[in-house]
Amino acid sequence: MSSAIEPLLAKYNPKTTQDFENALKEIIQEITLAGLARAHFFDKAAFYGGTALRIFYGLPRFSEDLDFTLLSKQPEFSLKDYFDSVQTTLRSFGFEVDVEEVDKENPARIESAFVKANTKMHFLKIDAAKQFADRIQSNKKMKIKFEVDVDPPLGFATEVKPLLPPITSSIKILKLSDLFAGKMHAVLFRQWNKRIKGRDFYDLLWYLRVKAPIHIAYLESKMRSGKEWNLKRKMTREDLLSLLEERIKSIDFKRAREDVANFIADPEEVSSWNTELFLAAIPQITVE
């Protein structure tokens, strides 16, 4: 394992198996971003989603996936063009990984891939983590999914954020108000089976705490693309609040709490979640 990994791990102060696994996943995420940047991926795409918030804005929860949108519709785009750079960059830091495309029977607007690494092997490479290695199955994999929307709704703005040494790169991400619009779309319309994604609602409260506005025109663009908004007039804040109130009333917040508990340091942080809490919070939403 590269000597550069030790100071990266130290900032997490991991003490449990889950702590180390979360820290390693996040380090792999950041190095993956660097690998993409070195292949000029961000000339064509921008980073968004929960992991973007975690890495660049300090969202206090771990996030599993890397989500990207192309800057324009590009039918010829192929995620596989960037696999070698991602793999080479990760290996330069001592991570033995495979990068595999997700095969889909039907063409989709999302291209997906996984970065996969053997969990036990990498624990054994880290002195502080060796004590936990015997608790891990030999074939257990850390999996980090990255997805690119190749037919994106447009109307968002971007900015460049730095990854600091030893993972030095410039990463293009959506601006905060557009990130909030994307998260609001997930809050309103993400499809669940039995597993409610409580992380969406955690992020919603975080955006309210930092007083981020929603770029409502971009939210409307996403909703028109998904056929969730078909009216000829523009969407208003009142429309948004009405949709959000209806959605909140449909949520089982016990299941939402269970979903987010493994991604935050203190599960008690979400113990008070209920319908009334979220209904009381949403009038704080502002738009631009």
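Could you please find all residues in region 261-280 being under 22 Å from G58 (Cβ atoms), surrounded by 15 or more Cβ atoms within 10 Å (Cβ to Cβ) and modelled with pLDDT of 95 or more? E269, V270, W273, listed by residue number. Among residues of region 78-102 that are under 25 Å from K140 (Cβ atoms) and assigned by TED's automatic domain parsing to the domain that holds S112, those with a beta-carbon under 6 Å from a residue that is in a loop (DSSP other than H, G, I, E, B) and not β-branched (V, I, T) at least six positions away or on a different chain give the pairs F93/S2; G94/M1; G94/S2.
Look at region 260-288: where a residue is outside the structural domain of M235 (by TED's automatic domain parsing), no partner that is among the charged types (D, E, K, R) and not in a loop (DSSP other than H, G, I, E, B) sits 6+ places away or on another chain with Cβ atoms under 9 Å. Within region 162-185, being in contact with an Asp or Glu (Cβ under 7 Å, 6 or more places away or on another chain) and surrounded by fewer than 17 Cβ atoms within 10 Å (Cβ to Cβ) holds for no residue. If the condition is being modelled with pLDDT of 90 or more and among the β-branched types (V, I, T), then region 93-108 contributes V97, V99. For region 164-206, a residue qualifies if it is at pLDDT below 95, of a type in the set (A, V, I, L, M, F, W, C) and either out of contact with any Lys or Arg (no Cβ under 7 Å at 6 or more places or on another chain) or in a strand (DSSP E or B) (or both), and the qualifying residues are L164, I167, W192.
Can you confirm whether D65 is under 22 Å from I5 (Cα atoms) and modelled with pLDDT under 90? Judged against the criteria, D65 is not a match. Residues of region 122-139 that are surrounded by 15 or more Cβ atoms within 10 Å (Cβ to Cβ) and in contact (Cβ under 8 Å) with a residue 12 or more places away in the chain: H122, F123, K125, I126, A129, F132, A133, I136.
When we screen A280, A256, A261, A265 for residues that are farther than 30 Å from T17 by Cβ and aliphatic (A, V, I, L, M), the only hit is A280.
The values are calculated or read from the model by the stated rules, or taken from the named source; none is laboratory data. Since the model is a prediction, treat every value here as computed from it, not as a measurement. Here Cβ is always computed from backbone atoms with ideal geometry, including for glycine, and neighbour counts include all displayed protein chains.
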